[in-house]
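A.B. asks: Got a structure for you, questions after.
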Amino acid sequence: MGNAEKPVNRKLLTRWIRIGGTVLSSGLFLYLLFKQNWVVTWQKLNQVPAWLWPAILVLIVCGMFFNILRWYTLLRAQQVKISFFEAAKIIFAGAFASNFLPSTIGGDAFRMVALLNFTPDKMLSVASVVVDRAMNVLAMVTMLPFAFFTFGSPFRLLNPLAQVPETGQYLPVFAGVLAFLAKIKDRFLRTFGVWVKKPGSLVLAFIISWWSIFVVYLAVWLLARALGIPVRLTQVMGVSATTYLITLLPISVNGYGLREFAVTTLYMQLGATIEQAATLALVTRFFMLFETLPGALWLTQILPVPGKTEVVQSDDQFHGMKP
């Protein structure tokens, strides 16, 4: 009886941690929003040139295109017979679903299940998503030196995120960051072997991953400069890499509130006003949600065909990676 209750209690505890994390981080971000001058915020938005909005959207959509290309490349390397368009439908549907699922990678479960329509190999389905995420995380890790150059030591880098504004008190959730990253490494090593014999596909996936995040960082930098934030592209890369790794923590729904609070706090450390930083956080979140809308059209189409068995029982099996 006692052993049977443990998984249930663990799932219940995990769910409450995510709910509590979402509420707490959202509350912190709302606290920052209440402190800003909305008149100034509107003035900053009016200063953004009209041509920049479609340019930003194109760059962000390019990032999604590279994400699709990376996964498609890994699948084709394993002779999975799937078209680029079908892979795109699955990626978009999974990204849309992740807007409403725990952490920032909940939509990956949809990808794993949907791929069963193209291959009967369940392990390959899971491994393809895990390796795809690992390539993205690896590319993101190459951006971390920019974070260190921008903020200094890793401890100073995490301080603005781990402290409640004006109180100096630390959020206890950040105590498990290192253990969480170690879990990602172990998860990757267990599923990496499928692609070891085809290193060319891994190298290509890494290059694609790097471009998929670079074009998004370029879009954020253009918007930040238009809002009057005095940052360099390398600083934007550092901030974005940091917030990405933090939002991988499974403590909120799709990183809501947590990402916005982190973005606002870090850009304020670089000289942005609270109005500029919060506006940047909100507008970039809007674009992140907007680009996933096509996935709503394909969400039901990626469900497995009748008779297929669900690949994953819990998203805890593959926590730790997002495109």
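A.B. asks: Out of (1) modelled with pLDDT under 90; (2) touching a helix residue (DSSP H, G or I) at 6+ places or on another chain (Cβ under 8 Å); (3) under 26 Å from A127 (Cα atoms); (4) outside any helix (DSSP H, G or I), what's the single condition that is false for Q79?
C.D. replies: Every listed condition holds for Q79 apart from (2).
A.B. asks: Can you tell me how many residues in region 68-90 are touching a residue at least 60 places away in the same chain (Cβ under 8 Å) and of a type outside the set (K, R)?
C.D. replies: 7
A.B. asks: Then there's this: Can you list residue pairs whose Cβ atoms sit under 9 Å apart, with the first residue in region 218-241 being part of a loop (DSSP other than H, G, I, E, B) and the second being of a type in the set (F, W, Y) and at pLDDT 95 or above? Count only pairs 6 or more apart in sequence or on different chains.
C.D. replies: V231/W221; R232/W221
A.B. asks: Taking L249 as the residue in question, decide whether it is over 13 Å from the mean Cα position of the chain (by Cα) and either in a strand (DSSP E or B) or at pLDDT below 85 (or both).
C.D. replies: No.
A.B. asks: Here is a further query. Assigned to a helix (DSSP H, G or I), at pLDDT 70 or above and touching an Asp or Glu at 6+ places or on another chain (Cβ under 6 Å), is that true of W71?
C.D. replies: Answer is yes for this residue.
The rows are residues; the columns are (1) among the small types (G, A, S); (2) at pLDDT below 90; (3) closer than 30 Å to Q43 by Cβ.
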{"site": "T264", "(1), (2), (3)": "no, yes, yes"}
{"site": "Y267", "(1), (2), (3)": "no, no, yes"}
{"site": "P294", "(1), (2), (3)": "no, yes, no"}
{"site": "L297", "(1), (2), (3)": "no, yes, no"}
{"site": "Q301", "(1), (2), (3)": "no, yes, no"}
{"site": "V305", "(1), (2), (3)": "no, yes, no"}
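A.B. asks: Quick one: is D108 among the acidic types (D, E), within 13 Å of the chain's Cα centre (by Cα) and at pLDDT below 85?
C.D. replies: Criteria met by D108.
A.B. asks: List the number of the failed condition for M64; all other conditions in (1) at pLDDT below 90; (2) part of a helix (DSSP H, G or I); (3) surrounded by 14 or more Cβ atoms within 10 Å (Cβ to Cβ) hold.
C.D. replies: (1)
The values are calculated or read from the model by the stated rules, or taken from the named source; none is laboratory data. No experiment lies behind these values; they were computed from the predicted model shown. Heads up, the Cβs are rebuilt from the backbone with ideal geometry, glycines too, and the neighbour counts pull from every protein chain shown.
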